[in-house]
Amino acid sequence: MRNDLLNGEQFHSVLEARVVIAEWVERYNTLCPHRGLGMKTPAQFAAEWRAQAKEIASRPLKKQTRRPSQPAKVGTTERGL
């Protein structure tokens, strides 16, 4: 942001800075693809992530098939996981 926007702008008020920065952030998040996000924009990546998280959250929980843990033996520690 500093190289793309702040170093090239001179703001005359805090309100002007807020408006210009908000517009820049909106453009950056919706129009600029990023290599680190698989050449998707941050908005595309976030939308896909939210959809995937929603799908995973809607899956039914699997029943645990392991037996309940036995009491720990004296002198040992039990690791439940």
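Side notes on the structure shown:
- Global geometry of the range 6-57, whether rounded, prolate or oblate, following the gyration tensor of its Cα atoms and the 1.5 cut on a/c: prolate
- Between Ala43 and Glu9, the modelled labels are 1.7 nm apart [label points 7 Å from Cα along Cα→Cβ].
- Taking amide H atoms as placed 1.01 Å from N in the peptide plane, the amide H of Lys40 lies under 5 Å from those of His34, each 5 or more residues away in sequence or on another chain.
- Listed peptides 27-35, 40-48, 53-61, 2-10 by packing density, highest first (mean Cβ within 10 Å): 40-48, 27-35, 2-10, 53-61
Only the coordinates and a few stated rules stand behind these numbers; no lab work does. In this text, all values refer to a predicted model and were calculated from it rather than measured experimentally. Cβ atoms come from the backbone with ideal geometry, glycine included; neighbour counts cover every protein chain shown.
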